[in-house]
Amino acid sequence: MKRLSKKRLALLTLCVCSAIANSGFAAETGDLDIYGGDEFVVTATRTPLEKKEVPNAVEVIKQEDLKEMGAYNVQDALKYATGIDVQSIGMTGNQVMVRGMGTMHTLILVDGRRMADEDTPQTQNAYVLNRINMADVERIEIIRGAGSAIYGSEAMGGVINIITKKASTPNTVVGFNTGTKETNGYFNYASGRQGKVAVKVNGRRTRVRDIYSSPGNSNQFGNKQYFNADIDYAFDDSRGINFSAGYMKEKLTGLSASTSSTGSFSTQNNSYNQERKDFALDYYGKNEKNTYNFRTYYSELSKDQTAVKTYPNSPMIGSFLNTNDEHSFKKFVLEAKNTYKADDANNVTYGAEYKNEKVNRVYRSLFMPTWMGFNWGVGVSDHSVDTYAAYIQDEIKVNDKLLVIPALRYDYHESFGSEVTAKLGSTYSMNANNRIKFNVGTGYRAPTLYELYANMVKSMGGMSVNVIGNPDLNPEKSFDIDIAFEGENGKATYKVSPFYNRIKDMIDTDTTYIRDAYGNMVGANSSYININKAEIFGTEAEIGYSFNEHWNMSANYTYLSAKDKETDERLENRAKHTGTLKLGWTDAKENPLSATLWSKWYVDYYYADNSYTYNNVNFVIDKVVNPNLRFYVGVDNIFDKDLGDDLWLDGRMWRVGAEMTF
């Protein structure tokens, strides 16, 4: 394993100390207290910048949007978004694809922080969007396109930053919603600034209903609990410290049934007990020239999963513990950042990061029951990795029409050594209402500890899958370019953006299936490999129009081509064409009644060597009774679109909710 040299460590330490000493990290938490309007974005450049000026492809989902769509969770909120696919994966979690890049290539942040999460290609980001307390969400910022030059590994495809409500803004909310999927009760309280102190606490309890795709096969159902607390202390008008803590607990059950190649019928009861703890400490401030932040945070996810198998037609076998899987994922991070205002036309942002990740697994799998006892296979792994990074970015206002933002980042990975990523973005304002934006950059993603060192057997239906990591994997690298034309013309808005992404050493799964003498699939051996090159390109288009004070519409469309350049085969789980059409109405009264009808299309969705074309139609009504009370009712997939067992779709789903504000 390569080690960080003393010289590199000294340079990194100097960068950190310089960031602090110069009173220089425009805090994600602090920035939004100052720039609270929807016209400002902090995620794209780590500094508050007007949305029209940001070169990146940016979308902001505001709190009012979240309320109007009656979103259960962040996954629901992202269904409207351009260039993003958050479809459900079977009946477990969901994928998070940005511009056709895989789920592993999307970096999900909460207030700019990484959260402990599963790290397999099948599960990373699959559950995290449903583990965020919607009662605490202020807005969601989506950056499409490579973000590695600012955020490092995992941001090859884009960044989704969930920004929470601030303790310094007084707010008390109590709400309840229920529907086909789940029932939620939640609250959020923020004291506002009381002298030097501001306090926020919020919680949510969720009951996920059991839903069956076929007899004996269900989703993960049961109880979830969330609790968050935040204390902010202002030393004076320019400096402060913030401490936050979060706790999540899930106790879920999933049922499955299968028939083996020999005709033996079995059922399996899967239990999922998960717990996450998060702690963060921020010191922030500003002076005439600098805005700074020093932050440390820790996130830990613990998982205990068991599967009890039963052969109801074989009393001699009966029930037995089939698998037991204990995981823990830990992340510890130190960050420092400074934004230096050189003059009215030049802002320089620089910073440094240290990250330690640890994964511990104990996996027990029963190969077969016998009358003499049990035959166990045990996999134990305990691995950790350190990464170090330093970056610099310059916002250069060349003149009243042209903004140029170059960025450069150096990463050192304990296993893979040094990597430099770069990006150049620019925005040219042709006039007050029309702009051209251009981005070109590189990205990279280091393999996860699971991809490197996995050694376990998974029971999947009637067969066992042996998963082996590959310590010889290379990091993925990408080259990304896009150009956008956007603007406003009276009541209309538009945006057209072609994009291109080339990935080298893309990590994929190599699976060999095992069949019995009759040709029935009874097992598989799976590992991870680098494929030479993948190529993804396409075009995004968006349009919006406000007919009058009552009616408005918006639409987006994405054309996508995603191929393995070595074999010229399409990459799976991607549609060649996707589009969304949304029609909105409001009575425009002081306490409005509003309604939204929208549909999303998938054309030529490639999955398991088959192509699917389908759409679903959804409807939501939102009513503000008075400034303190609102309620909503909605139906997703109104026509109960179903693709059978081939590709899972949620059926018709209803939901109602009410919220009180004090």
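Tell me, what does the Kirkwood hydrodynamic radius of the range 466-516 come to in angstroms if you use every pair of distinct C-alpha atoms? Walk me through the numbers before you get to the answer.
Working: mean 1/r = 0.0638 Å⁻¹.
Kirkwood radius, the range 466-516: 15.7 Å.
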Ordered by number, the trypsin sites (Lys or Arg not before Pro) in the range 197-293 that occupy a DSSP loop and have at most 16 other Cβ atoms within 10 Å are Arg209, Lys289
Expected vector for the range 146-160, Karplus 3J(HN,Hα) from phi with 6.51, -1.76, 1.60 and θ = phi - 60°, integer Hz, x for Gly and Pro, equals 4, x, 5, 5, 10, 10, x, 4, 6, 9, 4, x, x, 9, 10
Taking the dipole of the range 495-643 about the Cα centre (Lys, Arg +1; Asp, Glu -1; charges at Cβ), the one of Gly538, Val496, Ala608 that reaches farthest to the positive side is Val496
The pairs in Lys477/Lys533; Lys249/Lys358; Lys67/Lys582; Lys181/Lys224; Lys286/Lys337 lying past 18 Å Cα-Cα in this model are Lys249/Lys358
Computed for the range 262-350: size of charge dipole around the Cα centre, +1 on C-beta of each Lys and Arg, -1 on C-beta of each Asp and Glu, debye to nearest 20, value 40 debye
Mean separation of Cα contacts under 8 Å (at least 6 apart) over the residue count of the range 491-643, i.e. the relative contact order in percent, is 15 percent
Which of (i) 79, 65, 53; (ii) 135, 85, 46; (iii) 158, 59, 53 gives Cα extents along the principal axes in Å as computed here? It is (i)
Lys and Arg at +1, Asp and Glu at -1: neighbours of Thr661 with Cβ under 13 Å from its Cβ sum to +1
In the structure shown, of Lys51/Lys491; Lys166/Lys401; Lys289/Lys437; Lys341/Lys401, the pairs separated by more than 22 angstrom at the C-alpha atoms are Lys166/Lys401; Lys289/Lys437
For the range 170-224, whose charge dipole is built from +1 on Lys and Arg Cβ atoms and -1 on Asp and Glu Cβ atoms, the candidate among Asn171, Tyr186, Val208 with its Cα farthest towards the positive end is Asn171
Ranked output for segments 164-176, 145-157 by mean other Cβ atoms within 10 Å, highest leading, reads 145-157, 164-176
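Given the peptides 329-337, 469-477, arrange them by the average over their residues of other C-beta atoms within 10 Å, most packed first.
Ranking the peptides 329-337, 469-477 by packing returns 329-337, 469-477.
Expressed as a whole percentage, what fraction of the accessible surface of the chain belongs to carbon and sulfur atoms when a 1.4 Å probe is rolled over the protein heavy atoms? List each step's numbers first, then the result.
Values: 15980 of 28420 Å².
With neighbouring chains kept in place, the figure for the chain is 56 percent.
How many Å³ per residue does the convex hull of the Cα positions in the range 514-662 occupy? Can you show the working numbers first?
Values: hull volume 28.9 nm³, N = 149.
Convex hull volume per residue, Cα atoms: 194 Å³.
For the range 525-590, what is the accessible area per residue in Å², given a 1.4 Å probe and the full set of protein chains?
Working: 3520 Å² over 66 residues.
In whole numbers, the range 525-590 has 53 Å² accessible per residue.
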Given the candidates Asn338, Ile514, Gly145, the one whose Cα lies deepest towards the positive end of the charge dipole of the chain, counting +1 at each Lys or Arg C-beta and -1 at each Asp or Glu C-beta, is Asn338
With Lys589 itself left out, Lys, Arg at +1 and Asp, Glu at -1 over residues whose Cβ is under 14 Å from its Cβ give -2
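What does the charge count near Thr442 come to, summing +1 for each Lys or Arg and -1 for each Asp or Glu among other residues with Cβ under 12 Å from its Cβ? Before the final figure, lay out each step's value.
Details: positive: Arg409, Lys423, Arg445, Lys477, Arg502, Lys504; negative: Asp411, Glu419, Glu476, Asp480.
Here the count lands on +2.
Return the loop-located chymotrypsin sites (Phe, Trp or Tyr not before Pro) in the range 211-256 (DSSP other than H, G, I, E, B) with at most 13 other Cβ atoms within 10 Å of their own Cβ; answer none if there are none.
Numbers: sites: Tyr212, Phe221, Tyr226, Phe227, Tyr233, Phe235, Phe243, Tyr247; in loops: Phe235.
Loop-located and lightly packed - Phe235.
Sorted by packing (mean other beta-carbon atoms within 10 Å per residue), highest first, where do 505-511, 358-364, 585-591 land?
By packing density, highest mean first, the sequence is 358-364, 505-511, 585-591.
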Regression test value, accessible area per residue of the range 165-240, probe 1.4 Å, units Å², expected 46 Å²
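The values are calculated or read from the model by the stated rules, or taken from the named source; none is laboratory data. None of these values were measured; they are calculated from a predicted model. Glycine also receives a Cβ, built like all others from the backbone with ideal geometry; neighbour counts cover every protein chain displayed. In case anyone asks, the SASA skips ligands and DNA or RNA and just uses the protein heavy atoms, side chains included. Shrake-Rupley method; radii C 1.70, N 1.55, O 1.52, S 1.80 Å.
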